[in-house]
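Novice: There's a structure below that I have some questions on.
Readers should treat all values here as calculations from the given coordinates under stated rules, not as data from a laboratory. Everything numeric here is computed off the predicted structure, so don't read it as measured data. All Cβ positions, glycine included, derive from the backbone under ideal geometry; neighbour counts span all protein chains shown.
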Amino acid sequence: MSQATMTQDTTVPAAPRPSSLAGKSLPRWSPFGFAAVSLALGAGLGLVAGWHSKVQWGLIAALLFVVLTYTVSTAVEGKRQAKDRVATSVVWVCFLLAIIPLVSLLWTTISRGIKVLDGYFLTHSMAGVPGFETGGGVYHALIGTLEQVGIATLIAAPVGLLTAVYLVEYGKGALAKAVTFFVDVMTGIPSIVAGLFLLAIMLMFGLGPSGLLGALALAILMVPVVVRSTEEMLKLVPNELREASLALGVPKWRTILKVVLPTALGGITTGVMLAIARIAGETAPIMLLVFGSQLINPNPFEGAQSSLPFYIWEQYRVGSEASYDRAWAAALVLIAFVMILNLVARGIARWKAPKTGR
């Protein structure tokens, strides 16, 4: 065997170069550990400082969570990975800060409203029941809310939808700019202003209180929300769909009706539901134009009516334990009403949405 062969056989292979991406990393459970330590430290510091508010404890714990994550991650993984973990931690902290008040609100409403929420409460009015005594129900207010919100939706949804179609598909020049400007202005109008506007008309023509006037005020508040949400959804529809339809000789109005609107139906429905949720809790227009009533009035075109927001305010104003229970129960009914509407609307949007795939 030659000397060169022996040298080649006895050569020790070189050690592999370490990858620049390899390094230590924290375990997957580390964020939960940081959260537990931060909560314990936040509670301890709050007790030592004499702070009795759990909100203060939570804010301290959130700050400690971010600081602890950055410090430990920097020591173990390096600054680059630490910055990524801090960004993720800030996102989670903001999410929790947003969701905790919502969960607290739902829990308080359900726990306090469930006391008197039963079949009797939903099928009886407050006729003949003193506000400071137990008994009575929310049926008259539920009927008023259904009628007023329904009429407002029938008025505002088509008007808002057609306005958005005009702005996106046809609007050009000064008129489109003026419409956009006034829609933006109307978005910020307080509900009391819409109520006063209809109240002036009611007094001018000598009209009496009715659910229709309240519905008109709610429609004024609903239109700009529908216009804005629908306009944004229509802008998201690809222009290629419009061009393909027009290239086949389909008229523009039919393209809008059969292509554009079905494509954006899900977003349009969500916008309408947001507008309904916006007006379902309004009280000021109802106080000015509908006046409220303890009796069942199924006719929205004549006579005073009640509504769920007005009923809640009315019962809370009484100040007794029984009225407080009725107010919380009515608030729970109002939340359930909006939730059911959203679920139905999402079901309709999914059913009517254009099918994808083969």
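Novice: For the chain, modelled as a Gaussian network with Cα springs under 10 Å, which listed residue fluctuates most, GLU231, GLU169, GLU243?
Specialist: Of GLU231, GLU169, GLU243, the Gaussian network model singles out GLU243 as fluctuating most.
Novice: Here's a follow-up. Distance between the C-alpha centers of the range 270-325 and the range 122-155? Whole Å please.
Specialist: That distance is 7 Å.
Novice: Using helices alone, what [θ] at 222 nm do you get for the chain, with -39,500 (n - 2.57) per DSSP H run of 4 or more residues, divided over all residues and rounded to the nearest 500?
Specialist: Helix-only estimate at 222 nm: -23500 deg cm²/dmol.
Novice: Here is a follow-up. Just going by the charge dipole of the chain, with Lys and Arg at +1 and Asp and Glu at -1 on Cβ, which of LEU41, ALA244, LEU122 is farthest out on the positive end?
Specialist: Most positive-ward Cα: ALA244.
Novice: Report the residue, chosen from ASN239, ASN299, ASN342, that carries the largest GNM mean-square fluctuation when the chain is represented by alpha-carbon nodes joined by springs under 10 Å.
Specialist: ASN239
Novice: Next question. Please say if the range 27-113 is rounded, prolate or oblate, where rounded means a/c under 1.5 for a ≥ b ≥ c the square roots of the C-alpha gyration tensor eigenvalues, and otherwise the choice is prolate for a/b larger than b/c and oblate otherwise?
Specialist: Oblate.
Novice: While we're on this one: Among residues other than ARG85 whose Cβ falls under 15 Å from its Cβ, what is the net charge (Lys/Arg +1, Asp/Glu -1)?
Specialist: Net charge in that neighbourhood comes out at +3.
Novice: Students often get this wrong: which residues of the range 225-248 have the backbone nitrogen under 17 Å from the point 7 angstrom along Cα-to-C-beta of PHE182?
Specialist: Within reach of a label on PHE182: 225-228.
Novice: Using Cα springs under 10 Å in a Gaussian network model of the chain, which residue among VAL159, VAL290, VAL227 shows the largest mean-square fluctuation?
Specialist: It is VAL159.
Novice: Right, another one. For the range 168-242, how big is the tail of P(r) above 13 Å, as a whole percent of Cα pairs?
Specialist: Roughly 72 percent, once rounded to a whole number.
Novice: Then there's this: State, to one decimal in nm, how far the label point of ALA36 lies from the label point of LEU274, with both points 7 Å from Cα in the Cβ direction.
Specialist: Inter-label distance under the simple model: 4.0 nm.
Novice: Take every Cα-Cα pair in the range 249-297 and report what % of them are more than 16 Å apart.
Specialist: 63
Novice: Another question, then. For the chain, what is the number of Lys pairs with C-alpha distance below 19 angstrom, counting only pairs 8 or more positions apart or on separate chains?
Specialist: 9
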